[in-house]
1. Tally the residues that are in a strand (DSSP E or B) and modelled with pLDDT of 90 or more, restricting the search to region 1-13.
2. Of all residues in region 41-66 being of a type in the set (A, V, I, L, M) and touching a helix residue (DSSP H, G or I) at 6+ places or on another chain (Cβ under 8 Å), which is modelled with the lowest pLDDT?
3. Taking the condition among the β-branched types (Val, Ile, Thr) and surrounded by 11 or more Cβ atoms within 10 Å (Cβ to Cβ), does Val66 pass?
4. Would you check if Ser79 is of a type in the set (Ser, Thr, Tyr) and either outside any strand (DSSP E or B) or free of Cβ contacts under 8 Å to residues at least 40 places away in the same chain (or both)?
5. Just give me the residues in region 6-43 being polar (S, T, N, Q), touching a residue at least 40 places away in the same chain (Cβ under 8 Å) and under 22 Å from Asn61 (Cβ atoms), in sequence order.
6. Can you tell me how many residues in region 14-71 are farther than 17 Å from Tyr4 by Cβ, in a strand (DSSP E or B) and not basic (Lys, Arg)?
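The values are calculated or read from the model by the stated rules, or taken from the named source; none is laboratory data. Since the model is a prediction, treat every value here as computed from it, not as a measurement. Note that we place each Cβ from the backbone using ideal geometry, even for glycine, and neighbour counts take in every protein chain shown.
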Amino acid sequence: MERYYFKIQDQDGVLQPDRGFEFADMEKAKEEARTLLAEMAIDGLPNEPVDSISVELQDANRVPIVTFRLVLEAIPHGSQEL
């Protein structure tokens, strides 16, 4: 088992990981990070001015491995204002 940490960024700011979680391998940890991001989106999509939410996967030494980010972008069409 390997230990991993999740650093969260959402509307409330950045949450540094205070405890690690053990997974059989990195692929399982990445799967959990994606699931965590999806659950965050269910709780609420990003609002302006912060247009994204993210989960950064860190190794046992808290070195970043990969960041999963959900970006919400409004693209106006024609003369419509948002």
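1. Total satisfying the criteria: 8.
2. Ile53
3. Considered against the rule, which asks whether it is among the β-branched types (Val, Ile, Thr) and surrounded by 11 or more Cβ atoms within 10 Å (Cβ to Cβ), Val66 comes out as yes.
4. Working: of a type in the set (Ser, Thr, Tyr): yes; either outside any strand (DSSP E or B) or free of Cβ contacts under 8 Å to residues at least 40 places away in the same chain (or both): yes.
It is true that Ser79 is of a type in the set (Ser, Thr, Tyr) and either outside any strand (DSSP E or B) or free of Cβ contacts under 8 Å to residues at least 40 places away in the same chain (or both).
5. Scanning region 6-43 gives a single hit, Gln9.
6. 5
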